[in-house]
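Chemist: The structure that follows is given in the form of structure tokens.
The values are calculated or read from the model by the stated rules, or taken from the named source; none is laboratory data. For clarity, every value in this text was computed on a predicted model and none was experimentally measured. As a convention, Cβ positions derive from the backbone with ideal geometry for all residues, glycine included, and neighbour counts pool all protein chains shown.
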Amino acid sequence: MKILLIYPYFLEERPDYEDVSVVPIGVYYVGAVLKKHNYDVEVLNWHNINKRPEKIKQTLSEKNPDIIGFSVLHANRWGAIEISRIAKKIIPYVKIVFGGIGATFLWNHFLTHFPEIDFIVCGEGEYTFLNLVKCLEQKNYQDIGNLKGIAFRKKGCVLKNPDAELIANLDELPNPAQFFDYQHLSLTRGCFGKCRFCGSPHFWGPKVRSHSAKYFVDQLEMLYEKKITFFYVSDDTFTIHKGRVIEVCRLILDRKLKLTWAAVSRVDTVDKDLLYWMRKAGCIQISYGVESGSEKIREFLNKKISHDRIKNAFALTTMYGIMARAYFIYGSPGESMSTIQETIDLIQEIKPFSCMFYILDIFPGTSLYKEYKKIFNVTDDIWLRRVEDIMYFETDPDLSAGLISEFGKKLRNCFYENLPGFALGVELADIKEFYPLHSDFCSRLGMTFDHGDYAHIKGIPEKGKVAEQLYRKSLEYYPDQRAYLGLGIMAQKQGASHESIKILSKGIEHFPDNVELNLCISVSFMNIGEYKKALDYVLKFPQSEYAHELMSRCYKALQKTA
């Protein structure tokens with residue numbers, strides 16, 4: 001049987017696709033289980049296929065699948081429905097299966113209103129989907145009524161079987177890295193928190209389950225051997241088991257895996273010891289859900305973290321040279337300019353290097369949604385509208401779109417205005433073995449102001465000066481190729497070619513084989529008419545297209561002067 005696992009597109013355009021462009025790791029686990037049982041499986045990341053709609057029909061016609069499984073979060077449900085309709089027209093016999101958090105909490109809604117959907121996999125899907133595929137392959141439709149975790153139709157009625165048991169030992173799952181390439185992975189499933197805006201506890205159950213450290217690092221190593229060196233650890237709370245995380249870090253170091261990674265955590269599950277090992281093992285960023293500076297609003301959201309815990313986690317994370325990122329939610333009940341100011345005060349105190357501001361949403365599977373349905377006497381039919389979500393403020397007469405816009409603008413402006421001070425005021429732990437890591441931290445942070453995420457944001461003042469100071473601070477700790485390159489390019493842009501050559505020459509002394517440093521210094525030599533010297537650096541890299549371009553320019557210039 002030919003099986004496609006599709007991650008569909010979202011309704012709304014986004015200025016930054018980072019948050020929606022990644023196939024959930026669960027899709028790869030489902031695919032790995034199917035491949036282990038010798039099924040022909042392909043994963044299609046169609047998060048932006050709607051920009052090339054003709055490709056949908058073409059691909060489906062070419063691949064001619066027997067089963068299509070869709071990973072439905074919530075905001076991408078209409079993408080899944082639209083692709084399903086196209087698939088049914090092209091391949092009438094194809095079976096359409098929805099799974100994921102969005103499908104799990106709206107199984108009745110989907111099967112009631114959308115005839116193109118044949119089955120819903122509810123909850124943890126690896127073995128449920130496998131069992132369904134086996135039944136469909138054998139045309140054993142009678143047994144579908146006995147498959148745990150499946151919702152389906154029978155004689156015009158929508159039915160749901162009992163939930164499947166959760167996988168007790170996650171290590172029994174085949175390692176997806178054997179079959180697929182990806183950068184987002186997870187050590188655990190579940191979260192002990194019960195935040196009112198989050199559906200994770202309801203989806204995964206009340207307990208947190210974990211892979212062993214060995215399984216997780218085996219997965220990293222398999223991907224590392226495929227030349228993938230940067231990863232996102234996407235757990236709800238990666239650091240919940242301190243001992244296991246330290247074991248993961250030790251194994252990364254023991255196996256000499258030179259990789260970098262980012263993680264998500266809670267402020268009440270980190271300490272000095274843990275952060276020490278995480279940084280040594282390549283962690284460069286941790287994202288924390290802070291949600292609000294107002295204790296009253298954190299209490300409403302059931303985010304049980306204290307001011308002191310927040311402050312301590314951000315201070316320690318920064319101290320060890322890990323970029324601390326904060327998630328904030330605004331537009332909650334009781335939100336006002338006063339509570340927004342409390343959030344601003346907290347930002348100025350904890351000094352994060354990145355902030356993500358979200359308006360409070362209401363999604364199925366959350367306690368907020370349950371309360372919303374009860375208060376407004378509505379059903380899941382509200383999702384027949386072509387919307388991605390329900391904003392809480394739309395349900396609250398004390399809040400308005402205009403006020404919410406003002407809140408967001410004030411929060412972002414405050415963060416941007418203060419960010420240079422946060423960056424230049426950073427205090428790193430005086431640990432000599434960490435000096436190379438601190439150097440990397442400063443140059444990486446400098447790069448974000450110079451030509452990274454912050455380079456084009458008008459609200460951030462003096463970006464160039466900030467970047468230069470961070471590059472210089474980096475080199476005070478340890479030689480760093482990124483810092484030399486950054487300073488060399490800055491001098492080049494200012495027309496100071498001789499200064500650029502001086503800086504880049506020092507960099508090349510430490511990193512003689514670095515392509516960017518060599519090509520950059522060649523440009524500086526070309527800028528002062530020293531084409532022969534420029535060629536000395538360019539000719540080292542015959543495989544580089546840019547080197548060939550520079551080479552050509554040098555030879556043309558030399559011919560003119562001959």
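Chemist: In segment 422-432, which residue that is touching a residue at least 24 places away in the same chain (Cβ under 8 Å) and in a helix (DSSP H, G or I) is nearest to Ala455 (Cα to Cα)?
Modeler: So, considering only residues that are touching a residue at least 24 places away in the same chain (Cβ under 8 Å) and in a helix (DSSP H, G or I), the one nearest to Ala455 (Cα to Cα) is Ala423.
Chemist: Whether any residue in segment 523-540 is out of contact with any Ser or Thr (no Cβ under 9 Å at 6 or more places or on another chain), part of a loop (DSSP other than H, G, I, E, B) and more than 24 Å from Arg444 (Cα to Cα) is what I want to check.
Modeler: Yes.
Chemist: Counting just the residues of segment 471-501 that are assigned to a loop (DSSP other than H, G, I, E, B) and touching a helix residue (DSSP H, G or I) at 6+ places or on another chain (Cβ under 6 Å), which one comes out surrounded by the most Cβ atoms within 10 Å (Cβ to Cβ)?
Modeler: Asp480
Chemist: Condition first: under 18 Å from Ile350 (Cβ atoms) and among the charged types (D, E, K, R). Now tell me which residues in segment 290-303 satisfy that.
Modeler: Glu291, Glu295, Arg298, Lys303
Chemist: Looking only at segment 212-234, which residues are of a type in the set (Val, Ile, Thr) and part of a helix (DSSP H, G or I)?
Modeler: First pass over segment 212-234, keeping only residues of a type in the set (Val, Ile, Thr): 217, 228-229, 233.
Hit for segment 212-234 is Val217, nothing else.
Chemist: Inspect all residues belonging to segment 1-13 and state whether any of them is at pLDDT below 95, touching a strand residue (DSSP E or B) at 6+ places or on another chain (Cβ under 8 Å), closer than 21 Å to Asp66 by Cα and surrounded by fewer than 18 Cβ atoms within 10 Å (Cβ to Cβ).
Modeler: Within segment 1-13 (the criterion being at pLDDT below 95, touching a strand residue (DSSP E or B) at 6+ places or on another chain (Cβ under 8 Å), closer than 21 Å to Asp66 by Cα and surrounded by fewer than 18 Cβ atoms within 10 Å (Cβ to Cβ)), the answer is yes, since at least one residue qualifies.
Chemist: Consider Glu427 against the criteria (1) of a type outside the set (Ser, Thr, Tyr); (2) surrounded by 14 or more Cβ atoms within 10 Å (Cβ to Cβ); (3) more than 26 Å from Thr339 (Cα to Cα); (4) touching a helix residue (DSSP H, G or I) at 6+ places or on another chain (Cβ under 7 Å): it satisfies all of them except one. Which criterion is unmet?
Modeler: Single failed check for Glu427: (2).
Chemist: Select from segment 16-59 the residues that are among the hydroxyl-bearing types (Ser, Thr, Tyr) and outside any loop (DSSP other than H, G, I, E, B) and write down the one among them that is surrounded by the most Cβ atoms within 10 Å (Cβ to Cβ).
Modeler: Step one: list which residues in segment 16-59 are among the hydroxyl-bearing types (Ser, Thr, Tyr), which gives 17, 21, 28-29, 39, 59.
Of the ones still in play, those that are also outside any loop (DSSP other than H, G, I, E, B) are 17, 28-29, 59.
Numbers: Tyr17: 12, Tyr28: 21, Tyr29: 23, Thr59: 18.
In this case the residue turns out to be Tyr29.
Chemist: Next up: Within segment 293-305, take every residue that is without any contact (Cβ under 8 Å) to a residue 40 or more places away in the chain and under 26 Å from the mean Cα position of the chain (by Cα) and give me the one that is surrounded by the fewest Cβ atoms within 10 Å (Cβ to Cβ).
Modeler: Ile305
Chemist: So, Leu485, is that one assigned by TED's automatic domain parsing to the domain that holds Lys533 and at pLDDT 95 or above or not?
Modeler: Values: assigned by TED's automatic domain parsing to the domain that holds Lys533: yes; at pLDDT 95 or above: yes.
So Leu485 fits the description; yes.
Chemist: Could I ask something else about it? So is Asp271 more than 20 Å from the chain's Cα centre (by Cα) and within 15 Å of Ala429 (Cα to Cα) or not?
Modeler: So Asp271 fits the description; yes.
Chemist: I'm checking my understanding of the structure. Among residues of segment 366-379 that are surrounded by fewer than 16 Cβ atoms within 10 Å (Cβ to Cβ) and assigned to a loop (DSSP other than H, G, I, E, B), which one is farthest from the chain's Cα centre (by Cα)?
Modeler: Residues of segment 366-379 that are surrounded by fewer than 16 Cβ atoms within 10 Å (Cβ to Cβ), as a first pass: 370-371, 373-379.
Within this subset, residues satisfying the condition of being assigned to a loop (DSSP other than H, G, I, E, B) are 377-379.
On the way: Asn377: 36, Val378: 33, Thr379: 32 Å.
Checked segment 366-379; the qualifying residue farthest from the chain's Cα centre (by Cα) is Asn377.
Chemist: In addition: State the number of residues belonging to segment 290-328 that are within 18 Å of Met356 (Cβ to Cβ) and out of contact with any helix residue (DSSP H, G or I) (no Cβ under 8 Å at 6 or more places or on another chain). Working first, answer last.
Modeler: So in segment 290-328, the residues within 18 Å of Met356 (Cβ to Cβ) come out as 290-294, 297-298, 301, 303, 305, 310, 313-314, 317-318, 322-328.
Imposing the further condition that a residue be out of contact with any helix residue (DSSP H, G or I) (no Cβ under 8 Å at 6 or more places or on another chain) reduces the set to 298, 301, 303, 318, 325, 327.
Residues meeting the conditions: 6.
Chemist: Looking at this structure, is Cys135 surrounded by 21 or more Cβ atoms within 10 Å (Cβ to Cβ) and either free of Cβ contacts under 8 Å to residues at least 24 places away in the same chain or of a type outside the set (Lys, Arg) (or both)?
Modeler: The answer is no for Cys135.
Chemist: Kindly provide the set of residues from segment 280-314 that are under 30 Å from Arg255 (Cα atoms) and either modelled with pLDDT under 95 or of a type outside the set (A, V, I, L, M) (or both), ordered by number.
Modeler: Kept after step one, since they are under 30 Å from Arg255 (Cα atoms), are these residues of segment 280-314: 280-288, 313-314.
Scanning segment 280-314 gives Lys280, Gly282, Cys283, Gln285, Ser287, Tyr288, Phe314.
Chemist: Could you please find all residues in segment 265-279 being surrounded by fewer than 21 Cβ atoms within 10 Å (Cβ to Cβ) and closer than 16 Å to Val233 by Cα? It would help to see each step written out before you state the result.
Modeler: At the first step, the residues of segment 265-279 found to be surrounded by fewer than 21 Cβ atoms within 10 Å (Cβ to Cβ) are 268-269, 271-274, 276-277.
If the condition is that a residue be surrounded by fewer than 21 Cβ atoms within 10 Å (Cβ to Cβ) and closer than 16 Å to Val233 by Cα, then Thr269, Leu274, Trp277 are the ones that fit.
Chemist: Right, something else. Looking at Asn108, Asn76, Asn146 in this structure, which one is under 27 Å from His202 (Cβ atoms), modelled with pLDDT under 95 and not assigned by TED's automatic domain parsing to the domain that holds Asp381? Can you show your working first?
Modeler: On the way: Asn108 fails: modelled with pLDDT under 95; Asn76 fails: modelled with pLDDT under 95.
Asn146 is the lone residue from the list that is under 27 Å from His202 (Cβ atoms), modelled with pLDDT under 95 and not assigned by TED's automatic domain parsing to the domain that holds Asp381.
Yes/no per residue for (1) without any contact (Cβ under 8 Å) to a residue 24 or more places away in the chain; (2) within 18 Å of Arg298 (Cα to Cα); (3) in a helix (DSSP H, G or I):
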position: Thr317; (1), (2), (3): no, no, yes
position: Ser332; (1), (2), (3): no, yes, no
position: Ile340; (1), (2), (3): no, yes, yes
position: Thr343; (1), (2), (3): no, yes, yes
position: Pro364; (1), (2), (3): no, no, no
position: Asp381; (1), (2), (3): no, no, yes
position: Val387; (1), (2), (3): no, no, no
position: Phe393; (1), (2), (3): no, yes, yes
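Chemist: While we're on this one: So which residues in segment 141-169 are crowded, with 19+ Cβ neighbours inside 10 Å and touching a residue at least 24 places away in the same chain (Cβ under 8 Å)? Full working, then the answer.
Modeler: Taking segment 141-169 as the starting set, the residues that turn out to be crowded, with 19+ Cβ neighbours inside 10 Å are 147, 149-152, 164.
Listed by number, the residues that qualify are Gly149, Ile150, Ala151, Phe152, Ala164.
Chemist: Only residues that are of a type in the set (D, E, K, R) and touching a residue at least 12 places away in the same chain (Cβ under 8 Å): list them for segment 246-272, please. Talk me through it step by step, then tell me what you get.
Modeler: The initial filter retains those residues of segment 246-272 that are of a type in the set (D, E, K, R), namely 247, 250, 254-256, 258, 266, 268, 271-272.
Hits for segment 246-272 are Glu247, Arg250, Arg255, Lys258, Arg266, Asp268, Asp271, Lys272.
Chemist: Using beta carbons and a limit of 8 Å, which pairs, at least six apart or on different chains, have the first residue in segment 273-286 and within 17 Å of Phe353 (Cα to Cα) and the second one of a type in the set (Ser, Thr, Tyr) and assigned to a strand (DSSP E or B)?
Modeler: Once the first residue is within 17 Å of Phe353 (Cα to Cα) and sits in segment 273-286, its partners that are of a type in the set (Ser, Thr, Tyr) and assigned to a strand (DSSP E or B) give Cys283/Thr260; Ile284/Thr260; Gln285/Ser354; Ile286/Ser265.
Chemist: Of all residues in segment 171-195, how many are hydroxyl-bearing (Ser, Thr, Tyr) and either out of contact with any strand residue (DSSP E or B) (no Cβ under 7 Å at 6 or more places or on another chain) or part of a loop (DSSP other than H, G, I, E, B) (or both)?
Modeler: Narrowing segment 171-195 to residues hydroxyl-bearing (Ser, Thr, Tyr): 182, 186, 188.
Adding the requirement that they be either out of contact with any strand residue (DSSP E or B) (no Cβ under 7 Å at 6 or more places or on another chain) or part of a loop (DSSP other than H, G, I, E, B) (or both) leaves 182, 186.
The total comes to 2.
Chemist: Additional query: Those residues that are out of contact with any strand residue (DSSP E or B) (no Cβ under 8 Å at 6 or more places or on another chain) and not β-branched (Val, Ile, Thr), I need them from segment 252-274; list them, please. So that I can check it myself, show each step before the final result.
Modeler: Looking only at segment 252-274, we keep the residues that are out of contact with any strand residue (DSSP E or B) (no Cβ under 8 Å at 6 or more places or on another chain), and these are 252-258, 268-269, 271-274.
Correct list: Leu253, Asp254, Arg255, Lys256, Leu257, Lys258, Asp268, Asp271, Lys272, Asp273, Leu274.
Chemist: Return yes when Leu11 is touching an Asp or Glu at 6+ places or on another chain (Cβ under 7 Å), under 14 Å from Ile83 (Cβ atoms) and either free of Cβ contacts under 8 Å to residues at least 12 places away in the same chain or of a type in the set (A, V, I, L, M) (or both) and no when it is not. First the steps, then the outcome.
Modeler: Working: touching an Asp or Glu at 6+ places or on another chain (Cβ under 7 Å): yes; under 14 Å from Ile83 (Cβ atoms): yes; either free of Cβ contacts under 8 Å to residues at least 12 places away in the same chain or of a type in the set (A, V, I, L, M) (or both): yes.
So Leu11 fits the description; yes.
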